[in-house]
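The values are calculated or read from the model by the stated rules, or taken from the named source; none is laboratory data. This is a predicted model, so every value here is computed, not measured. Cβ coordinates were reconstructed from backbone atoms using ideal geometry, including for glycine residues, and neighbour counts include every protein chain displayed. With ligands, DNA and RNA removed, areas are computed over all heavy atoms of the protein, side chains included. Shrake-Rupley method; radii C 1.70, N 1.55, O 1.52, S 1.80 Å.
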Amino acid sequence: MNVRLPLVQVFFLVFFSSVFSLFVNGIRTDGIPLLAKELDVADNIKISVDEPQLLAITLEQALDLYNNGTVFIDAREPEYFTDGHIMGAWNVPFLFELTFKLDSLQGKESPVVVYCSGDECGSSEDLAYELQGEGFSNLYVFKGGWDEWSENGHPIGP
Amino acid sequence: MINLQKRSILVLFSRLILGAVLIAASIDKILHPEAFAEVIGNYNVLPFGLENIVAITLPILELFIGCCLIFGIMLDGSAIITAGMMCVFIIALSQAMIRGIDINCGCFKVSVDNAGGNIGYRRIIEDILFLGLSLLILNRGERKWELYPKT
């Protein structure tokens, strides 16, 4: 191959940097999986858990939890929350404040549901992982989020 | 019309600036691949799952290209890749702004909030400028101060 050809150079550079980056990711201790893993969907909802869990839930499961009085946390920006949210949901912009409120209300083992706009957003998952990092062990991410909840006419708050 | 000598110096400066920018941009992403994957995810342009592979490979590619531009290695290829990356960045930033997606929807996360705060016209203009520099390097005419391949 003639390395003077621009496209050959592009191929070489992309190929070597990709191989190198995958190698580096493989050997470093804080490497990440090649493909982001989707959350497992919960089979059944447990009110208390032995091992920490972080699972995705469907609308029906979210509704069950909602009717049981589970705390719902809105992970969206406050302006979206103000426009409309699941009735009774919390929107606390600061993690330390949220963990303090949750912990003092119900401890760290009780179920907590986190949601954001809908399937496309990732902030509910991000927040759930952060809460897991803070020691909360019974976390559910309602993937359908605000869009699915409001489209199906479930209770919403101003 | 600027003469060849001046043009070569201009190209050298463009290489150094672009190379330094790419290397500087790559370091934090290489150090925090997980946070970078989240930022990519918030753009909502890639199907779920692919942001990790981009977060792993893109920063190293930037570092490679940055070094190549500075040292004059495979300049044509480096300039093409840089131009391509800048086009992708411009499109990604523009679509995020046009769609008005809640890009700092990583609500409580400091790093994601900062990345979201950075989005704006300034970033797009910078990328257009860098695109211009990479096209200038691609059309440099005289091949001077290059390590490989030798002319």
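Structure notes:
- Scope segment A:32-65; condition free of Cβ contacts under 8 Å to residues at least 40 places away in the same chain and open to solvent by 30 Å² or more (accessible area, probe 1.4 Å); matching residues: A:Pro33, A:Leu34, A:Leu35, A:Lys37, A:Glu38, A:Asp40, A:Val41, A:Asp43, A:Asn44, A:Asp50, A:Glu60, A:Asp64
- Test: A:Ser104 is of a type in the set (Ser, Thr, Tyr), in a loop (DSSP other than H, G, I, E, B) and out of contact with any Cys (no Cβ under 8 Å at 6 or more places or on another chain): no
- If only residues of segment A:98-129 that are of a type in the set (A, V, I, L, M, F, W, C) and surrounded by fewer than 16 Cβ atoms within 10 Å (Cβ to Cβ) are counted, the one that is nearest to the other protein chains (Cβ to nearest Cβ) is A:Phe100.
- Residues (touching a residue at least 60 places away in the same chain (Cβ under 8 Å) and touching a Leu at 6+ places or on another chain (Cβ under 9 Å)) located in segment B:42-85: B:Tyr43, B:Leu69, B:Phe71, B:Gly72, B:Ile73, B:Met74, B:Leu75, B:Asp76, B:Thr82
- When residues in segment B:68-87 are screened for being within 10 Å of chain A (Cβ to nearest Cβ) and assigned to a helix (DSSP H, G or I), 9 of them pass.
- Scanning segment B:24-41 for residues that are at the interface with chain A (Cβ under 7 Å from one of its Cβ atoms) and without any contact (Cβ under 8 Å) to a residue 60 or more places away in the chain returns B:Pro33, B:Glu34, B:Ala37, B:Gly41.
- The residues of segment B:1-59 that are open to solvent by less than 20 Å² (accessible area, probe 1.4 Å), hydrophobic (A, V, I, L, M, F, W, C) and over 27 Å from B:Gln95 (Cβ atoms) amount to a single one, B:Val11.
- Taking the criterion of being under 30 Å from A:Glu109 (Cα atoms) and either exposed (fewer than 12 other Cβ atoms within 10 Å of the Cβ) or in the same structural domain as A:Gly135 (by TED's automatic domain parsing) (or both), the residues of segment A:1-31 that qualify are A:Thr29, A:Asp30.
- Figure legend. Inter-residue proximity from segment A:125-148: first residues closer than 15 Å to A:Ala62 by Cβ, second residues part of a strand (DSSP E or B) and of a type in the set (Gly, Ala, Ser), beta-carbon distance below 7 Å, spacing 6+ or different chains. Indicated pairs: A:Val141/A:Ala56; A:Lys143/A:Ala56.
- Top-ranked residue in segment A:66-97 [being in a helix (DSSP H, G or I) and more than 14 Å from chain B (Cβ to nearest Cβ); ranked as least open to solvent (accessible area, probe 1.4 Å)]: A:Tyr66
- Residue list for segment A:124-158, filter: touching a helix residue (DSSP H, G or I) at 6+ places or on another chain (Cβ under 6 Å) and among the aromatic types (Phe, Trp, Tyr): A:Phe142
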